[in-house]
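Novice: Here it is, the structure in full.
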2 protein chains.
Amino acid sequence: MSLLKQTTYQPLTETSATELALALNLFSDNPELSCKEIGDGNLNLVFHIVDDKNRKGVIIKQALPYAKVVGESWPLTLKRAKIEADALLTFGSIAPKYVPEVYYTNDVLAVTVMEDLSHLLIARKGFIKGETYPLLSQHLGEYLSKTLFFTSDYGLGPSIKKEQVQKFINPELCKITEDLIFNDPFFDAETNEFEAGLRTTVEALWKDDELKFHVNVLKKSFLTEAEVLLHGDLHTGSIFANDSETKVIDPEFAFYGPAGFDIGQVFANLLFQVIVNEQNHVLFINHLETVWNVFEEQYKHLWNTENKENLAQTSTFLNYILAKFFEDALGFTGCELIRRTIGLAHVADLDSIEEEKTRLAAKRKTLELGGILIKQRKEIKNLGAFIGTVKGVL
Amino acid sequence: MSLLKQTTYQPLTETSATELALALNLFSDNPELSCKEIGDGNLNLVFHIVDDKNRKGVIIKQALPYAKVVGESWPLTLKRAKIEADALLTFGSIAPKYVPEVYYTNDVLAVTVMEDLSHLLIARKGFIKGETYPLLSQHLGEYLSKTLFFTSDYGLGPSIKKEQVQKFINPELCKITEDLIFNDPFFDAETNEFEAGLRTTVEALWKDDELKFHVNVLKKSFLTEAEVLLHGDLHTGSIFANDSETKVIDPEFAFYGPAGFDIGQVFANLLFQVIVNEQNHVLFINHLETVWNVFEEQYKHLWNTENKENLAQTSTFLNYILAKFFEDALGFTGCELIRRTIGLAHVADLDSIEEEKTRLAAKRKTLELGGILIKQRKEIKNLGAFIGTVKGVL
């Protein structure tokens, strides 16, 4: 089959995607395939191919040579498809329960063929519809403990870890994060988007030198601290879920960075629901607590049983590491809360609130909480203090 | 000339090294070349080729596929020759005054052809002979400010810097540092070497959990903090000098790590002279102060005039960065003082002291100072406090 041996990139169509799926023998004999392109067209094509005889499906994801994010367009190389495929394979080998299975990858076509997850829903969409996914936080705590331990110097040993750092150098996608999370929201950048009712609050934030100092420190950590292989974009739009399953998708932003970044993105995206979802308020606070408690417990277990760095296996150093992850996570949580409120890429949790007064009030809370977490992350020393701080702005 | 097109590695001889120099047209017409292999045979062959007509010379350095360090043998790939050549070119483009000029590199032969520095002496050897090199610390401060600024995110911009991180991933040579500096001296490892008279002191050090905690923190920084392109082995045996010139050689340990590591190695190797060289004691304290003062002043200037990260250009954040570099440098100074006293690779500054009592007293001082700097690096907040701490153990 020619597509498998293709030597130049070409975007797939529904027809050629179906041909590719057939050539890979992913279905039983004589399947009756139907194919639909279901991507949002911003960064990738996504083909959902189903055998109508038994409803078995696969997903074919193909990178496009550019990115559109809310109207902005970046040229992007196709290398990111290889990074995403490599990251899916790495995370899948570490935490198979929480990562879609990969059937085939092709660097020339920038294609990954993987497990069909259409029985699940994107967690953010589910939350907005009123779902609460009771096992989500248990699963994410477990996913985080495994991926953040087994990709580190302590889980891999320093030599193999360095080869992984080299493999996952990802300047293009990191630049998007560096600009949209750590730069643009903190001055009057063209990319920012916020409603008129927030202008006074936003202008005060731009003048807050203490806040900007801390954001520089956090950005430096993002730029320099190659602790673990991060997912790099672990918001609730990158998580598929139902009441029993959780799958983390789309790791094209993967690179070696500070562990607290992934944890912070999970915290922040749960906090949007804590702030906007009055009905399930307590459940989402519980989710926050469970993510950290499960992460901490399982990370400690891995540290004590799987550590490749013999001299590092002391409880004092383990506690130092966990305290650092927690402090970093709070800072990155704050950055994510702020940028999703006033930066280029918003979240539907906030923007879908119809009533202006309620919406503005929620956004003021995310901005306030974001600032507090960034500035006071060293003083907020444990989960109880964190939850107390959250409740203080509600 | 066949050597230039060689497709497989072979070790050079004095004859083939001369042929290579001729083929490169590095000399005037009809030179009368003589060649001598002057390496120590541990890691590399080093050929010194001189045109006897005008005494003009070149150095040809070739990596060997193994490393011998004080009797231990490691297999090492030849990739390190490429890292060394690339690092010489990078540092040479940033601080040409302080780096030997490179005339030719060949990755297949693992060869670098470079400037002849035989009019200079290895600084450590000069110090032991009584030289003090009045400009050395001014030059090293300048070298450090330039290399540690222009290879960082702030000097290069984050995207180019990431490509440099990728290019300089150096697992093999880093492992030597990780083992010999951060692991082995802190437990009863076979590689350690120390005289019987130190055993009580060394055993106390192995039982010092507070010290080992801090060494774990410093090793984590070495493993994860990709701040700048480090020389990675910046002791006084990697520095050629005379009263007017200073050249930093042998960057085969180069990789992206914490800026304080290079600064700390310079501090530690000057401290050996502060401790053993009673006659020039004050001069070497001045050298220590000058390294930091010149580094700090010139780094500040570069930060304010050449910074690629617009939002980072605040004096608060600059002071935070300098305080971090200083604190890290003190910790790494302590590690170097200890490992050069009891680890595998010693320094002649200490070992060449003939009288046992004086030698043991000096070694007890380096161990004591090392421990204090590692444990109290956060409290020793400035140069004055550092010099005070040093004087406290003399």
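No lab work stands behind these numbers, since they all come straight from the coordinates. Model, not experiment: these values are computed from the prediction. Don't worry about glycine lacking a Cβ; one is built from the backbone with ideal geometry, like all the others, and counts go over all protein chains shown.
Novice: With everything on Cα atoms, drop me the angle between helix A:79-94 and the longest principal axis of chain A, reported from 0 to 90° to the nearest 10.
Specialist: So the inclination is approximately 80 degrees.
Novice: What's the angle, to the nearest 10 degrees (0 to 90), between helix A:315-342's Cα axis and the longest principal axis of chain A?
Specialist: The angle comes out at about 80 degrees.
Novice: Starting from the stretch A:292-378, pick out the GluC sites (Glu not before Pro) whose DSSP state is loop and whose Cβ has at most 10 other Cβ atoms within 10 Å.
Specialist: In loop regions of the stretch A:292-378 (DSSP not H, G, I, E or B), the sparsely surrounded GluC sites (Glu not before Pro) are A:E354, A:E355.
Novice: Moving on to the next point. If you take each beta carbon of peptide A:320-333 and count the beta carbons of other chains within 10 angstrom, what is the mean?
Specialist: That works out to 1 on average.
Novice: Something else: Please report, in whole Å, how far the alpha carbons of chain B spread along each principal axis, starting with the longest.
Specialist: Per principal axis, max minus min of the Cα coordinates gives 61, 55, 37 Å.
Novice: Hey, which of these cross-link pairs are over 18 Å Cα-Cα: A:K161/B:K167; B:K5/B:K167; A:K161/B:K220; A:K125/A:K365; A:K363/A:K391; B:K300/B:K324?
Specialist: Over 18 Å apart, Cα to Cα: B:K5/B:K167; A:K125/A:K365.
Novice: Please return the longest stretch of chain B lacking exposed loop sites, where trypsin sites (Lys or Arg not before Pro) count only if DSSP places them in a loop and at most 14 other Cβ atoms lie within 10 Å. Spell out each step's value before the answer.
Specialist: On the way: sites that count: B:K53, B:R55, B:K207, B:K378, B:K381.
Between the exposed loop sites, the longest stretch runs B:208-377.
Novice: Kindly provide the helix-only [θ] at 222 nm of chain A, computed as the sum of -39,500 (n - 2.57) over DSSP H runs of four or more divided by all residues, to the nearest 500 deg cm²/dmol?
Specialist: On the way: 15 runs with 199 residues, N = 394.
So the helix-based figure for chain A works out to -16000 deg cm²/dmol.
Novice: If I take R0 = 56 Å and measure r between the Cβ atoms of B:K308 and B:T7 in this structure, what FRET efficiency does the formula 1/(1 + (r/R0)^6) give, to the nearest 0.05? The partial results should precede the final answer.
Specialist: Details: r = 40 Å, r/R0 = 0.72.
Given R0 = 56 Å and the Cβ-Cβ separation, E is 0.90.
Novice: Here is a follow-up. From the label point of A:S34, set 7 Å from Cα along Cα→Cβ, how far away are the matching label points in the other copies, in nm, ordered shortest to longest?
Specialist: Between copies, matching label points for A:S34 lie 8.9 nm apart.
Novice: Using Cα pairs closer than 8 Å and at least 6 residues apart in sequence, work out the relative contact order for the stretch B:74-147, in percent.
Specialist: Over the stretch B:74-147, the number comes to 28 percent.
Novice: Here is a follow-up. Cα centroid distance between the stretch B:212-278 and the stretch A:295-315, in Å?
Specialist: 30 Å
Novice: Taking R0 as 45 Å, what's the FRET efficiency between B:V102 and A:R199 from their Cβ-Cβ distance, rounded to 0.05? Present the calculation step by step, with values, prior to reporting the outcome.
Specialist: Details: r = 56 Å, r/R0 = 1.24.
Result of the calculation: an efficiency of 0.20.
Novice: Now a separate question. By how many degrees, 0 to 90 and rounded to 10, does the Cα axis of helix B:260-276 deviate from the longest principal axis of chain B?
Specialist: Here the helix axis deviates by roughly 80 degrees.
Novice: Sort the stretch B:239-285 into rounded, prolate or oblate with this rule: let a ≥ b ≥ c be the square roots of the eigenvalues of the Cα gyration tensor; rounded if a/c is under 1.5, and if a/c is not under 1.5, prolate when a/b is larger than b/c, oblate otherwise.
Specialist: Since a/c reaches 1.5 but b/c is at least a/b, the shape of the stretch B:239-285 is classed as oblate.
Novice: At R0 = 22 Å, how high is the FRET efficiency between A:H301 and A:Q138 if r is their beta carbon distance? Nearest 0.05 is fine. Write down the numbers at each step before the final one.
Specialist: On the way: r = 15 Å, r/R0 = 0.67.
Computed FRET efficiency for A:H301 and A:Q138 comes out at 0.90.
Novice: Counting only other chains, what is the mean number of Cβ atoms within 10 angstrom of the Cβ of each residue in peptide B:177-183?
Specialist: Across the residues of B:177-183, the mean count of other-chain Cβ atoms within 10 Å is 2.
Novice: Show log10 I(q)/I(0) for the protein assembly as shown at q = 0.10, 0.11 Å⁻¹, two decimals, from a solvent-free Debye sum over equal Cα scatterers.
Specialist: -1.09, -1.25
Novice: To one decimal in nm, how far is B:T8 from the same spot in the other copies, if labels go 7 Å from Cα toward Cβ? Please give the shortest first.
Specialist: 3.9
Novice: Any chance you could check the Cα centroid distance between the stretch A:1-53 and the stretch A:150-187 for me, in angstrom?
Specialist: Rounded to whole Å, the Cα centres lie 31 Å apart.
Novice: If you bin the C-alpha pair distances of the stretch B:3-115 every 10 Å from 0, what whole percents do you get?
Specialist: Per 10 Å bin, starting at 0, the Cα pair percentages come out as 14, 43, 34, 8, 0.
Novice: In whole Hz, what ³J(HN,Hα) sequence does the stretch A:284-292 give by Karplus (6.51, -1.76, 1.60; θ = phi - 60°), x for Gly and Pro?
Specialist: Per residue, the Karplus-derived 3J(HN,Hα) values read 6, 4, 4, 4, 4, 4, 5, 3, 5 Hz.
Novice: List the relative contact order of the stretch A:121-393 as a percent without decimals, with contacts defined as Cα pairs under 8 Å and 6+ residues apart.
Specialist: Once normalised by length, the contact order is 28 percent.
Novice: How many Cβ atoms of partner chains, on average, are near each residue of A:257-267 if near means within 10 Å of its Cβ?
Specialist: Mean number of neighbouring Cβ atoms from other chains: 0.
Novice: While we're on this one: Which of the GluC sites (Glu not before Pro) across the stretch A:160-269 are loop residues per DSSP, with 11 or fewer other Cβ within 10 Å?
Specialist: Loop-located and lightly packed - A:E190.
Novice: Additional query: What is the sum of charges around A:A254, taking Lys and Arg as +1, Asp and Glu as -1, for the other residues whose C-beta is under 13 Å from the C-beta of A:A254? Numbers along the way, then the final one.
Specialist: Numbers: positive: A:K79, A:R80, A:K82, A:K167; negative: A:E84, A:D86, A:E172, A:D233, A:D250, A:E252, A:D262.
Residues close to A:A254 contribute a combined charge of -3.
Novice: Now a separate question. Defining a contact as two alpha carbons under 8 Å apart and six or more residues distant in sequence, what relative contact order in percent does the stretch B:25-123 show? Please report the intermediate quantities before stating the final value.
Specialist: On the way: 159 pairs, mean separation 20.8, N = 99.
Over the stretch B:25-123, the number comes to 21 percent.
Novice: I would also like to ask the following. Taking the label point 7 Å from Cα in the Cβ direction, how far apart in nm is B:K308 from each other copy of itself, listed shortest first?
Specialist: 3.0
Novice: Any idea what the dipole of the protein assembly as shown comes to, in debye rounded to 20, about its Cα centre with Lys/Arg Cβ at +1 and Asp/Glu Cβ at -1?
Specialist: On the way: 80 positive and 110 negative charges, 144 e Å.
Dipole size: approximately 700 debye.
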